[in-house]
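A quick write-up on the structure given underneath.
The values are calculated or read from the model by the stated rules, or taken from the named source; none is laboratory data. Because the structure is predicted, anything quoted here is derived from the model rather than measured. Cβ placement follows ideal geometry from the backbone for every residue including glycine, while neighbour counts extend to all protein chains displayed.
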Amino acid sequence: AQTVTQSQPEMSVQEAETVTLSCTYDTSENNYYLFWYKQPPSRQMILVIRQEAYKQQNATENRFSVNFQKAAKSFSLKISDSQLGDTAMYFCAFMKKDRGATNKLIFGTGTLLAVQP
Amino acid sequence: NAGVMQNPRHLVRRRGQEARLRCSPMKGHSHVYWYRQLPEEGLKFMVYLQKENIIDESGMPKERFSAEFPKEGPSILRIQQVVRGDSAAYFCASSPGTGGVLFFGPGTRLTVL
């Protein structure tokens, strides 16, 4: 069974600074996806970034980038130039990828990020 | 293209009543997923459906919970004889196929008195 661990329950960063959120996972699968979702106070789940395990290049989306270390099973999220609107709960998630996979997302317990003015 | 729609956004039920949660997937999406988020926890998978079929219900409690995705109309998550422990946010997500991104709805917050 797959597990996703987020060891930082809460983090704080000053506006315009950079912050890194940690995520590790455990799986025996070789093909999979990793995701970061954001849940602001509105509770809406918003996709931040996706990484395919077979791709060595780290995914980036504007101010958001990941550091994907497949051998170490680590998938951290870096937020550059933090903005007040980045304040949210951030969830790391794993999805198995193969024929017959059911698109089931396994979520971590989340990291609450507060961006301070 | 409208996103995933869920209604109601808030639902209050007394113990023993039935709760019916509705989800309309994004246009063109035929795969629907239900997740539950208990207070202070991450989302937990409940069930995955395609039109008229339940594909994976490994996360559904064995009793009182059921889900359907009929040929016409929204997907329904039904909770019979609700108890206080059912109080949670229930999220629906959809995708156009397998192996891709899930798009989430805004959730239904169920409160059981």
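Give A:Ser74, A:Ser82 a once-over and let me know the one that is at pLDDT 95 or above and under 12 Å from the mean Cα position of the chain (by Cα).
Residue meeting the stated conditions: A:Ser74.
Could you please find all residues in the stretch A:2-55 being in a loop (DSSP other than H, G, I, E, B) and either at the interface with chain B (Cβ under 10 Å from one of its Cβ atoms) or touching a Leu at 6+ places or on another chain (Cβ under 8 Å) (or both)?
First, pick out the residues of the stretch A:2-55 that are in a loop (DSSP other than H, G, I, E, B): A:2, A:6-9, A:15-18, A:22-23, A:27-31, A:40-45, A:53-55.
Selection gives A:Gln6, A:Gln8, A:Pro9, A:Glu15, A:Cys23, A:Asn31, A:Ser42, A:Arg43, A:Gln44, A:Met45, A:Ala53.
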Check your understanding: Is there a residue being of a type in the set (A, V, I, L, M), closer than 27 Å to A:Leu47 by Cβ and within 14 Å of another protein chain (Cβ to nearest Cβ) anywhere in the stretch B:79-91?
Key -> yes
**Study point:** Residues within the stretch A:70-117 that are in contact (Cβ under 8 Å) with a residue 60 or more places away in the chain, more than 14 Å from chain B (Cβ to nearest Cβ) and surrounded by fewer than 18 Cβ atoms within 10 Å (Cβ to Cβ), tallied
**Key:** 8
Revision key, fill the gap. For the stretch B:9-34, the count of residues that are closer than 22 Å to B:Gln50 by Cα and of a type outside the set (A, V, I, L, M, F, W, C) equals 10
Review point. Does any residue in the stretch A:10-24 that is closer than 13 Å to A:Asp81 by Cα come within less than 7 Å, Cβ to Cβ, of a residue that is among the basic types (Lys, Arg) six or more places away or on a different chain, and which pairs are these?
Key: A:Thr18/A:Lys78; A:Thr20/A:Lys78
Study note, to complete from the structure: When the stretch B:1-28 is checked residue by residue, the ones that are more than 11 Å from every other protein chain (Cβ to nearest Cβ) and in a loop (DSSP other than H, G, I, E, B) are B:Asn1, B:Ala2, B:Pro8, B:Arg14, B:Arg15, B:Gly16, B:Gln17, B:Glu18, B:Pro25, B:Met26, B:Lys27, B:Gly28
Review point. Hey, among the residues in the stretch B:61-72 that are part of a loop (DSSP other than H, G, I, E, B) and free of Cβ contacts under 8 Å to residues at least 24 places away in the same chain, which one's nearest to B:Ala19 (Cα to Cα)?
Key: B:Arg64
Review point. Out of the residues in the stretch B:52-66 that are more than 17 Å from B:Ser95 (Cα to Cα) and more than 14 Å from every other protein chain (Cβ to nearest Cβ), which is surrounded by the fewest Cβ atoms within 10 Å (Cβ to Cβ)?
Key: B:Lys62
Check your understanding: Would a scan of the stretch A:19-39 turn up a residue that is buried (at least 19 other Cβ atoms within 10 Å of the Cβ), of a type in the set (S, T, N, Q) and farther than 11 Å from A:Leu77 by Cα?
Key -> yes
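Regarding B:Gln37, is this residue of a type outside the set (A, V, I, L, M, F, W, C), touching a strand residue (DSSP E or B) at 6+ places or on another chain (Cβ under 9 Å) and surrounded by fewer than 16 Cβ atoms within 10 Å (Cβ to Cβ)? Break it down into steps so the answer makes sense when it comes.
Working: of a type outside the set (A, V, I, L, M, F, W, C): yes; touching a strand residue (DSSP E or B) at 6+ places or on another chain (Cβ under 9 Å): yes; surrounded by fewer than 16 Cβ atoms within 10 Å (Cβ to Cβ): no.
Here the answer is no, as B:Gln37 does not meet what is asked.
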